[in-house]
1. Report whether or not residue 11 is among the hydroxyl-bearing types (Ser, Thr, Tyr) and part of a helix (DSSP H, G or I).
2. Has region 79-87 got any residue that is surrounded by 12 or more Cβ atoms within 10 Å (Cβ to Cβ) and either in contact with a Leu (Cβ under 6 Å, 6 or more places away or on another chain) or not in a helix (DSSP H, G or I) (or both)?
3. Give region 34-49 a look and list any residue that's within 23 Å of residue 66 (Cβ to Cβ) and open to solvent by 80 Å² or more (accessible area, probe 1.4 Å), or say none.
4. Out of all the residues in region 88-122, which are within 23 Å of residue 65 (Cβ to Cβ), touching a helix residue (DSSP H, G or I) at 6+ places or on another chain (Cβ under 8 Å) and either open to solvent by 70 Å² or more (accessible area, probe 1.4 Å) or small (Gly, Ala, Ser) (or both)?
5. Here are some residues: 114, 123. Which one is aromatic (Phe, Trp, Tyr), modelled with pLDDT of 90 or more and part of a helix (DSSP H, G or I)?
6. Working only within region 88-111, note down all residues that are more than 16 Å from the chain's Cα centre (by Cα) and under 15 Å from residue 125 (Cβ atoms).
7. Cβ-Cβ under 9 Å, sequence separation 6+ or interchain: first residue in region 76-87 and touching a residue at least 24 places away in the same chain (Cβ under 8 Å), partner surrounded by fewer than 14 Cβ atoms within 10 Å (Cβ to Cβ) and basic (Lys, Arg). Which pairs?
8. For region 36-78, give me the residue count where each residue is assigned to a helix (DSSP H, G or I), closer than 15 Å to residue 7 by Cβ and of a type in the set (Lys, Arg).
Amino acid sequence: MMCDMILASPTATFGQPEINLGVSPGGGGTQRLTQIVGKYRAMELMLTGRNFSAEEAEKWGLVNRIVGPGEGEVVKEAVELARKISSKSQIASQATKEMINAAYELPLTEGVRFERRLFFGLFNTNDKNEGKCNHLGFHEDIS
């Protein structure tokens, strides 16, 4: 749950089994799972230690998607996803991740203020100029 994105194989299982060991989930597990799946489902899962399927995890919004069956499919899909992301502006990707993470930590008005500050800061980057030219079909050197 500390990942930016989670891809799952159809046979993957998830859980917070710590209660079975006489302790509670640590490392933010109680906070993150509750935010994702809701209080009542989190209570059931963490107080019983029940594992849950990839299908349940997808339905609850815990994973991005379930990939096709077969050995190596998760890694193949993850590499393709990483390739797509890495083809984008590094500074815009980093700013976007910070904005999304802030949505979980800040009240809405502060989050929007934070987003606005980063968003307008991106207008002064070469990446923005290159992206605009590429989007409009201009592929000449703009430096």
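The values are calculated or read from the model by the stated rules, or taken from the named source; none is laboratory data. Computed from a predicted structure; not experimentally measured. A quick note on method: Cβ atoms are made from the backbone with ideal geometry, for glycine too, and the neighbour counts reach across all protein chains shown. Note: areas computed on protein heavy atoms with side chains; ligands, DNA, RNA excluded. Shrake-Rupley method; radii C 1.70, N 1.55, O 1.52, S 1.80 Å.
1. Numbers: among the hydroxyl-bearing types (Ser, Thr, Tyr): yes; part of a helix (DSSP H, G or I): no.
Against the criterion (among the hydroxyl-bearing types (Ser, Thr, Tyr) and part of a helix (DSSP H, G or I)), residue 11 does not qualify.
2. no
3. Listed by number, the residues that qualify are 35, 41, 44.
4. Of everything in region 88-122, those that are within 23 Å of residue 65 (Cβ to Cβ), touching a helix residue (DSSP H, G or I) at 6+ places or on another chain (Cβ under 8 Å) and either open to solvent by 70 Å² or more (accessible area, probe 1.4 Å) or small (Gly, Ala, Ser) (or both) turn out to be 93, 103, 104.
5. It is 114.
6. The answer is 88, 89, 90, 91.
7. Taking only residues 6 or more apart or on different chains, the pairs are 77/65.
8. Residues that pass the stated criteria total 1.
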